[in-house]
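Structure first, commentary second.
The values are calculated or read from the model by the stated rules, or taken from the named source; none is laboratory data. Just so it is clear, the model here is predicted, and its values are computed rather than measured. Cβ placement follows ideal geometry from the backbone for every residue including glycine, while neighbour counts extend to all protein chains displayed. Keep in mind that these areas ignore ligands, DNA and RNA; they rest on the heavy atoms of the full protein, side chains included. Shrake-Rupley method; radii C 1.70, N 1.55, O 1.52, S 1.80 Å.
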Amino acid sequence: MKYQLRQTMLDILIRIEKDKGFSNLLLNHELQQKDLNDKDKRLLTEVVYGTVQNQITIDYYIAYFIKNKKKLDLWVKQLLRMSVYQMVYLEKVPDHAVVHESVEIAKIRGHKGIANFVNGILRSIQRNGLPDLSLIKDPVERISIETSHPVWLVKRWTEMYGEERTEAMCRENLRHFPMSIRIQPMKTDRQAVIEQLEKQGFTVAASQFSPQGILIQKGNIFKTNLLQEGFVTIQDQSSMLAAESLKLESGMKVLDTCSAPGGKATHIAEKMADQGEIHAYDLHKKKVKLIEEKAAVLDLHAITAFQGDARKLYEQYEKESFDRILIDAPCSGLGVINGKPEIKYEKQASDIERLATIQLDIIQSAAKLLKPDGLLIYSTCTVDKLENNQVVQTFLEKNPAFSIDLSFREELSEPLQHAPGWSPEGLQLFPQDFQTDGFFLTRIKRNK
């Protein structure tokens, strides 16, 4: 491996932990700045993601070989983590090369003592092998260490869903998901895009979540002109369910309360044939621009984007102003760990409690704007019952004019109708069900 490439990996990993940066954003920035060939880009991405993804497991391995348990400087800790990741999980780079280059970096960034320490740890792993994780007796601790999820989170999920489903979810969070895209139906159709991609050597499949969705199992969509020319946009399959479940018609007036970056708002516009009004809000001014840019690329004109707090939108409109409302609420993001692995290390139970309060405030406020017989979708990209089932239950207890409309289940594809995550409150998708983000969705109707 090129020495400079390892330095770049290390710098990104340090920034992820030190600055709490998102791995995908930091990686994309570096890939744009550095002049790397495709092979190096893939390796850089794989090592950074893989190291963060498997951090707790790797730390357990490293700690096994540290005798005095001394506190390590951040750069030393990250150097060891990325080195162990390559030795344990990858076959592309020989162990001796990983050890040699890690020691050289340690000499430059530290001193001879640090270099000897790094060399000793890595040589011990190479010589003695790894501790057997299956010998860990406590099932919560074993799942935590084997799948690199914090103990508190594994315990929480086990209490909610049981050990078997929790372990399956944690393991799925470590796997690579196929990318999914959504076609712009006023510019093309799904079969045409599938045929075009297959001619270019892609392996693709039609999504079961949306008639506009396509799964990319092999191929790089960024190397086509489809995104730039607005024929398709990237969207996780689970997120497509929001617009698919709103029962949209052309000419409707729709409110999207937490819209950025605009994936669901643009899907709503497409479902309405770009006829009607979609008022798309986000709390942050700079994110409003993302909605506008996405709508422009897809040539959609029914969307007007605004800055606004979703908890106060009732101050902007008359009561009962909208036919449909989408609340894709700000959440802990514990359903998107697969793509943003650092989330699992940064969130705490207190964050979930705080967010559940905000979510309830949003749905309480926005619901005032729904017309009688209107429909409201409440969704999150998390798997936590406090943010999902409990928010919905509490809202309904306080607002007897509303009820859950589970008839949307019959509008979904057969596999989704039989998904294991259905409850009286709605649909909870788990990552292992369909290789998608963890996602919660329910439809609420205003009865009077």
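The C-beta contact set for region 213-224 (first residue without any contact (Cβ under 8 Å) to a residue 60 or more places away in the chain and under 12 Å from residue 182 (Cβ atoms), second residue surrounded by 11 or more Cβ atoms within 10 Å (Cβ to Cβ) and of a type in the set (Lys, Arg), distance under 6 angstrom, 6+ apart or interchain) comprises 213/182.
Can you give me the ranges of the strands (runs of 3 or more DSSP E) entirely in region 230-302 with at least 1 residues that are within 24 Å of residue 217 (Cα to Cα) and of a type in the set (S, T, N, Q)? Step through it out loud before you land on a result.
On the way: elements: 232-234, 253-256, 277-282.
So the answer is 232-234.
Cβ separations smaller than 8 Å between residues 6+ apart or across chains give the following pairs from region 178-207 residues that are in contact (Cβ under 8 Å) with a residue 40 or more places away in the chain to residues that are of a type in the set (Val, Ile, Thr) and open to solvent by 60 Å² or more (accessible area, probe 1.4 Å): 179/234; 180/234; 181/234; 182/234.
Here residue 334 meets each of (1) open to solvent by 10 Å² or more (accessible area, probe 1.4 Å); (2) on the phi < 0 side of the Ramachandran plot; (3) part of a loop (DSSP other than H, G, I, E, B) with one exception, condition (1). Would you mind stating whether residue 165 is more than 20 Å from residue 351 (Cα to Cα) and open to solvent by 20 Å² or more (accessible area, probe 1.4 Å)? Yes; evaluated as a whole, the condition is true for this residue. When region 25-41 is filtered for residues that are open to solvent by less than 100 Å² (accessible area, probe 1.4 Å) and within 25 Å of the chain's Cα centre (by Cα), the ones remaining, listed by number, are 26, 27, 28, 29, 30, 31, 38, 40, 41.
Report whether or not residue 67 is open to solvent by 60 Å² or more (accessible area, probe 1.4 Å), more than 27 Å from the chain's Cα centre (by Cα) and within 23 Å of residue 175 (Cα to Cα). Step through it out loud before you land on a result.
Values: open to solvent by 60 Å² or more (accessible area, probe 1.4 Å): yes; more than 27 Å from the chain's Cα centre (by Cα): yes; within 23 Å of residue 175 (Cα to Cα): no.
Criteria not met by residue 67.
How about region 35-65: which of its residues are of a type outside the set (D, E, K, R), without any contact (Cβ under 8 Å) to a residue 24 or more places away in the chain and within 15 Å of residue 12 (Cα to Cα)? Spell out the reasoning first.
Taking region 35-65 as the starting set, the residues that turn out to be of a type outside the set (D, E, K, R) are 36-37, 43-45, 47-58, 60-65.
Within this subset, residues satisfying the condition of being without any contact (Cβ under 8 Å) to a residue 24 or more places away in the chain are 37, 45, 63.
Across region 35-65, the qualifying residue is only 45.
Evaluated against (1) touching a helix residue (DSSP H, G or I) at 6+ places or on another chain (Cβ under 8 Å); (2) more than 30 Å from residue 229 (Cβ to Cβ); (3) of a type outside the set (Phe, Trp, Tyr); (4) touching a residue at least 60 places away in the same chain (Cβ under 8 Å), residue 370 falls short on exactly one condition, (1). One residue alone among 442, 357 is among the polar types (S, T, N, Q) and crowded, with 18+ Cβ neighbours inside 10 Å, and that residue is 442. Might you let me know whether region 73-84 holds any residue that is closer than 25 Å to residue 145 by Cβ, open to solvent by less than 20 Å² (accessible area, probe 1.4 Å) and assigned to a loop (DSSP other than H, G, I, E, B)? No.
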